[in-house]
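The block underneath contains the structure these notes are about, expressed in C-alpha cells.
The values are calculated or read from the model by the stated rules, or taken from the named source; none is laboratory data. No experiment lies behind these values; they were computed from the predicted model shown. Every residue, glycine as well, gets a Cβ built from its backbone with ideal geometry; the counts of neighbours run over all protein chains shown. Note: areas computed on protein heavy atoms with side chains; ligands, DNA, RNA excluded. Shrake-Rupley method; radii C 1.70, N 1.55, O 1.52, S 1.80 Å.
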Amino acid sequence: MILVINAGSSSIKTELFAQDRVSGDLSSIVEVRVSGIGGNSELKVAGVAKPVAASDHAAALGLILAELKVLGHGTDQLTAAAHRIVHGGTKLTQPVRVTPATIAEIEDCIPLAPLHNPNNLAAIHALSALVPDLPQYASFGTAFHASNPEVATTYAIPADARSKGMRRYGFHGFSYASMVRSLDPVPSRLLAFHLGNGASACAILEGKSVATTMGYSPVSGLTMGTRSGGLDAMAAIDLVEWYGVDEATRQLNRDSGLKALAGTNDMRRLLARSDDEARFAVDHFCYWCIRHGGSLIAALGGLDAVAFTGGIGENAEAIRNRIADGLKFAGPFDTLVVTADEERQIALDACAVMAAEARAT
C-alpha cells in the first residue's frame, strides 16, 4: 500500500494505491484531500466534502490519516509514502528514499522553487512525526528533463549567475514520464504537449526528454491559463521597476496568460464565447503551441507523433485539431491523446526504489 502525497500551499492531496505482489500492477483505492489549510478547511473523499479544522500541514495530514483509518486503511497497512516534489535541481534527478541528506538537498532547492518545495517538505516532516517508522520516498518534477543536453539547458549569461543555478530545468516531468510509460511502443520522435492551466511542450526522443519549453521557472514557454509564457527578460525587469518584485511576480504567475487576454483561464468558456477577446486568446494559445512545437520538432530532427495530455489537451478537441493542423508542415504523424496519471507514476517510482533496495539486501 503506497500513499502518494501532493502538498501545496493550502492543500494536501493524497491517493492510496495497492500493488499486486505478483504482477506489480497498481490499483487506486481512494483519494482523500484537505483544502483551505489555515482557513476554511475542507476534507473531501469520494466526492463528498465536509468542514474540518486544519491549521497547518501537520493537522491536515493527521485528518487524512484518520479518514483513511475509518475507511479501513490504517497506517499499519501502509508500506510507504511517496511525495511529489516540484524541484530537484541538478542533483535530485531520480526517485529516492527520503533521508536527512535528501531533505537537505530539497532544502537547497528552495531558492529555485520558493512557492513549492517548502510545502512539499512540510508534508515530509509532518508524516515523519505522525508515523516515524514509515519509509518515505520522493519523486521530482524536474527529473524527467535531466536528459536534456547541456546546450539546451544553458543560458548564455555570465558564469557567476550560472553557478547560482540559473539554467533551464523544465517541469511537468511527472506528466511526461507517465505518458512515456503508458505508450507502447513509444514513438521514436514524440512531440508531447501538457496543456492545462499550466502548459508546456516537450521533445521526447527515444523516450527521453531532449528539449522543453519551460525553463528556469514554470513561467516561460507557452501561453498558459494565468502565466505569461515567453517574455523578454528586459520586459520582466521593467515590470519589477514599475510594480515591485512581489506584484510583478504575482502578475506574471497569477494575472497573465489567457486570463490577461480574455478575463478567464477557463478554456471551455473561451471556446464557447464568440467575442474578439476570446477568439484572440484562443488564437494566441494555439499560435504559441504551434510555434514552440516547430522548434521542438527541430530538436527531434523530425516527427513521428504528437501527443496531448492535461485538462485542455485531453478534453479540448478543437484545440488539439488546430495545433495538429498547424504542424502539418512536418509531414505525416500520429496524433495521440494520453490520460494524465501523475500520482500513479509517483507510486511506481517509489515501488521501483523499494525493489532496488530489496535486491541490494
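Would you be able to say whether some residue in the stretch 180-202 is assigned to a helix (DSSP H, G or I) and under 26 Å from Thr102 (Cβ atoms)? Full working, then the answer.
Pass one, the stretch 180-202, residues assigned to a helix (DSSP H, G or I): 180-182.
Now restrict to residues that are under 26 Å from Thr102 (Cβ atoms): 180-181.
Yes; the residues of the stretch 180-202 include at least one that is assigned to a helix (DSSP H, G or I) and under 26 Å from Thr102 (Cβ atoms).
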Subset of the stretch 91-111 (residues that are open to solvent by 30 Å² or more (accessible area, probe 1.4 Å) and either farther than 21 Å from Ser139 by Cα or in contact (Cβ under 8 Å) with a residue 40 or more places away in the chain (or both)): Thr93, Gln94, Pro95, Val96, Arg97, Pro111
Leading residue by the ranking (nearest to Ser178 (Cα to Cα)) among those in the stretch 332-361 that are within 23 Å of the chain's Cα centre (by Cα) and small (Gly, Ala, Ser): Ala340
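Considering Lys208, Lys259, which residue is at pLDDT 95 or above, over 18 Å from the mean Cα position of the chain (by Cα), basic (Lys, Arg) and at negative phi? Step through it out loud before you land on a result.
Numbers: Lys208 fails: over 18 Å from the mean Cα position of the chain (by Cα).
Being at pLDDT 95 or above, over 18 Å from the mean Cα position of the chain (by Cα), basic (Lys, Arg) and at negative phi holds for just one of Lys208, Lys259, which is Lys259.
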Which numbered condition Arg168 misses (of (1) under 29 Å from Ala350 (Cα atoms); (2) free of Cβ contacts under 8 Å to residues at least 24 places away in the same chain; (3) open to solvent by 70 Å² or more (accessible area, probe 1.4 Å)): (2)
Sole exception among (1) in a loop (DSSP other than H, G, I, E, B); (2) β-branched (Val, Ile, Thr); (3) at pLDDT below 95 for Thr264, by number: (3)
Residues being buried (at least 19 other Cβ atoms within 10 Å of the Cβ) and within 21 Å of Val337 (Cβ to Cβ) - total across the stretch 267-285: 4
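Taking the stretch 130-146 as the region of interest, how many residues are in contact with a Gly (Cβ under 9 Å, 6 or more places away or on another chain) and open to solvent by 30 Å² or more (accessible area, probe 1.4 Å)?
First, pick out the residues of the stretch 130-146 that are in contact with a Gly (Cβ under 9 Å, 6 or more places away or on another chain): 130, 138-146.
Subset that is open to solvent by 30 Å² or more (accessible area, probe 1.4 Å): 130, 144, 146.
Selection size over the stretch 130-146: 3.
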Given (1) open to solvent by 60 Å² or more (accessible area, probe 1.4 Å); (2) in contact (Cβ under 8 Å) with a residue 12 or more places away in the chain; (3) among the small types (Gly, Ala, Ser); (4) more than 26 Å from Met1 (Cβ to Cβ), index of the condition Ala156 fails: (2)
Single condition His87 does not satisfy, out of (1) in contact with a Leu (Cβ under 7 Å, 6 or more places away or on another chain); (2) over 24 Å from Ala203 (Cβ atoms): (2)
Filter result (surrounded by 22 or more Cβ atoms within 10 Å (Cβ to Cβ) and in a helix (DSSP H, G or I)) within the stretch 66-90: Leu68
